[in-house]
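Engineer: The structure is given below, and queries will be raised subsequently.
The values are calculated or read from the model by the stated rules, or taken from the named source; none is laboratory data. Because the structure is predicted, anything quoted here is derived from the model rather than measured. Every residue, glycine as well, gets a Cβ built from its backbone with ideal geometry; the counts of neighbours run over all protein chains shown. In case anyone asks, the SASA skips ligands and DNA or RNA and just uses the protein heavy atoms, side chains included. Shrake-Rupley method; radii C 1.70, N 1.55, O 1.52, S 1.80 Å.
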Amino acid sequence: AEVALQNKVVALYFAAARCAPSRDFTPLLCDFYTALVAGAPRPAPFEVVFVSVDGSGQEMLDFMRELHGAWLALPFHDPYRQ
C-alpha cells in the first residue's frame, strides 16, 4: 500500500452495499476515477481506497465485485477499518 499510494492524492471511500446512497454514488465515483486515471500520465496521481462499513466480509466482496472500479481496499478485518 505504501508504494501504491506514494505521492498520490488519496480518497478514502466509506460505503456499504446495504446503503442506498452508497449504491447510487459508487458508479459515479467509478466513472470519475476511470476517466481521471485514464487521462493521467502513469502512475496516476489519484487513488481511491475503499473502506467497507458492511456487516460482513462477504458483503464487502460482493459490493466490490458488483459496483467498484479497480480500487484498493482496506481488508474487512483490518483494525484500522474502524
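Engineer: Treating only the Cβ of Lys, Arg, Asp and Glu as charged (+1, +1, -1, -1), what charge dipole size does region 1-79 show about its Cα centre? Round to the nearest 20 debye.
Structural biologist: So the dipole magnitude of region 1-79 works out to roughly 180 debye.
Engineer: Which semi-axis lengths, in whole Å and largest first, follow from the square roots of five times the eigenvalues of the Cα gyration tensor of the chain?
Structural biologist: Square roots of five times the eigenvalues give 22, 16, 9 Å.
Engineer: Please list, ordered by chain and number, the residues whose modelled amide H lies under 5 Å from the amide H of Ala11; skip anything fewer than 5 residues away on the same chain.
Structural biologist: Glu47, Val48, Val49
Engineer: I'd like the carbon and sulfur percentage of the solvent accessible area for the chain, probe radius 1.4 Å, heavy atoms only, ligands and nucleic acids excluded.
Structural biologist: 63 percent
Engineer: Still on this structure, I have one more. Can you sort Ser56, Ser22 by 1.4 Å-probe accessible area, starting with the largest?
Structural biologist: Ser56, Ser22
Engineer: At 0.36 nm per residue, and after removing the present C-alpha to C-alpha distance, how many nm does the segment from Tyr80 to Gln6 gain when stretched out fully?
Structural biologist: 24.8 nm
Engineer: Hey, what's the chain come to in accessible area per residue, 1.4 Å probe, Å²?
Structural biologist: 65 Å²
Engineer: Using θ = phi - 60° and the Karplus relation 6.51 cos²θ - 1.76 cosθ + 1.60, list the HN-Hα couplings for region 36-46 in order, rounded to whole Hz, with x at every Gly or Pro.
Structural biologist: 5, 5, 5, x, 9, x, 6, x, 4, x, 9
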